[in-house]
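Accompanying notes for the structure given below.
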């Protein structure tokens, strides 16, 4: 293993234990583990135990709110997510992030003129997005200027907003009329969104809990009512409902697609073994592993694979692919399937940043290189 990997945890961080947590942190850890669809739940949750042990890291991190907003913005930029970017650009300016730093992220400019902390955060995000890994040199530099615990918090935010980006992109969430989209991205007027929700999902029939509606900034809600990731996810019913409806093998397939598109060796290997135990066909696993064509597959299997490939390679799902998925899976199940993939995209960020290695003796099953 690399010299910066702890032999006990088999990652760049020491092994953090649940029994060492206070009651609030234990609950957060348990909730994260319980909601994670996979064979080895909680690796990301375990990694995050090395950071701030509260629920408000975005506002209470010792790094300050401007740098935490920078972590969110650079994540939105690397995932080409205009809704997420536009809302958090507004918030970043409000808490004092230098507009020149925002412009570097927006236009992917060089980092040479930035401060050490700003440069470290942006470089980490760019490197993980491009290579699905983080070099020992970049990791060491970031820990030096940010501090290890603070760095864990930064990566925790990046992983959270990776999940958010995937959710927003899958359902093509648009900004409300009159809101400025300020990322330099090509734009085609969408033809498959609802005029009220501004997404591919209708407005929820039941009200969303007030805590998910977002903060008020400059006299308007940060996430306008009827829009945003919490509203989109409210159409789902959760993992148990999904398993009862589509079966464990379809969930396993969605997990593997997300792991493959992020070259996540740890996540892939432990979940390939679990999916075989659940009866997932080896030939189907090989289609995902080798990025082979989906011709001849069961329509639902082919749809899950194509949906995930488009979402994570293009940060966009075409109207044709979305319509097919909506026809094959009920709206509720499609929302929950997307969240399975989004949760594993979130996990992949933490596993890559902290170079999580497989258990001793376990052969890697994904054909990817590492540092």
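When the residues of segment 29-55 are narrowed to those that are modelled with pLDDT under 75 and over 17 Å from residue 346 (Cβ atoms), which ends up surrounded by the most Cβ atoms within 10 Å (Cβ to Cβ)?
Only one residue fits best here, namely 52.
Kindly indicate the residue of segment 10-28 that is modelled with pLDDT of 90 or more and assigned to a loop (DSSP other than H, G, I, E, B) and also nearest to residue 153 (Cα to Cα) among those meeting that condition.
Filtering segment 10-28 for residues that are modelled with pLDDT of 90 or more and assigned to a loop (DSSP other than H, G, I, E, B), the one nearest to residue 153 (Cα to Cα) comes out as 13.
Please indicate, with yes or no, whether at least one residue in segment 328-341 is without any contact (Cβ under 8 Å) to a residue 24 or more places away in the chain, part of a helix (DSSP H, G or I) and surrounded by 20 or more Cβ atoms within 10 Å (Cβ to Cβ).
The answer is yes; a qualifying residue exists.
Being farther than 30 Å from residue 310 by Cβ and assigned to a loop (DSSP other than H, G, I, E, B) is the requirement here; does residue 59 meet it?
no
Limited to segment 258-274, what total is found for residues that are in contact with a helix residue (DSSP H, G or I) (Cβ under 7 Å, 6 or more places away or on another chain), crowded, with 23+ Cβ neighbours inside 10 Å and outside any loop (DSSP other than H, G, I, E, B)?
Qualifying residue count for the region: 8.
Take segment 96-110 and flag every residue that is within 24 Å of the chain's Cα centre (by Cα) and surrounded by 15 or more Cβ atoms within 10 Å (Cβ to Cβ).
Listed by number, the residues that qualify are 97, 101, 102, 104, 105, 106.
The values are calculated or read from the model by the stated rules, or taken from the named source; none is laboratory data. Note that the coordinates shown come from a computational prediction; the quantities given were computed from them, not determined experimentally. No Cβ is skipped: glycine too gets one built from the backbone with ideal geometry, and neighbour counts run over all protein chains shown.
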